[in-house]
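Scroll down for the structure; my scribbles are underneath it.
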Amino acid sequence: MGKFSRTWQLMGASWRLLKQDKRLVVFPLLSGVVLALVIASFAIPLFGTGTQHYLNAANRNNPGFYAGVFLFYFVNYFVLIFFNSALIACVLKQMAGGEPTLRYGLRYAWQRLPQIFAWALLTSTVGFVLRLIEGRVGFIGRIIVSVLGMAWAITSFLVVPVLVAEGKGPIDAYKQSVTMFKRTWGEQIIGNVSFGLIFLLLGVMPMVVVILLGLMVNPVLLLVIVPVAAIYVIALALIQSTLQTIYQVAIYRYATDGRAPDGFDDHLIAESFRLKKNKN
């Protein structure tokens, strides 16, 4: 219960930091727009030329198929990591008392381009290999692969903050992320689950209820309800993504030097890490 209490307080502090500079949500928005363009750049040539049959199972032994899928994986990971790095750079500066701009974040991410490229290559390779294995094993094997995927996601949670703040390569950043995970595993796991639950409670469930009511009262209302609901869910997703990144940076800062950034409770952090240090 102590971990839950600390996690919710940290989430609240993350929300207060976001309210200080709402421009931070632009980075997840840019990431989503670029990802949509990436998907279109792959899908339009494929379906526009009538070669979508290339996706059929009969063609999946073709090396070109796997090369195309891996390229798609890599480009998507690269886009996500690049804009997340820009957001992290801005959050770090804001936590240090500065006033970052969107240009500052993008420029900082550009300076870390070699590290971002290398980490995108590594993490997309891991994801691609796990997906290949998952498609070739039975039910039990898929469960094992899913557990491995979860373990990878959890232990690599702090990699991007490390490579942004310290400029380390992907292997060293991952090793440091694993080390910090041992000290912050409770806050990491509970925080991620909590953010997911909040999004479910505030986003998905209300929209389902509203749409069902629209169907029962007057289906024509859906012409208004659906677009409004879509805008609401997108806005909520942008806020959630930004808050999760702020929370991620806060966990990184705590794990690195044990000091609370501006807007975060020093006593809360001291209690959290005193318990962990005593256990070690």
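What the table shows:
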read-out	value
Ranked list, fewest to most other Cβ atoms within 10 Å of each Cβ, for Asp257, Asp21	Asp257, Asp21
Computed FRET value (nearest 0.05) for Trp15 with Leu200, which takes r as the C-beta separation and R₀ as 25 Å	0.90
Zone residues, segment 141-168, relative to Leu132, backbone N less than 18 Å from point 7 Å out along Cα-to-Cβ	142, 145-146, 148-149
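Taken together, the values in this text are just the output of simple stated rules run on the coordinates, not laboratory data. The model shown is predicted, which means the values in this text are computed figures rather than measured ones. Because the Cβ atoms are built from the backbone with ideal geometry, glycine has one as well, and the counts that use them run over all protein chains shown.
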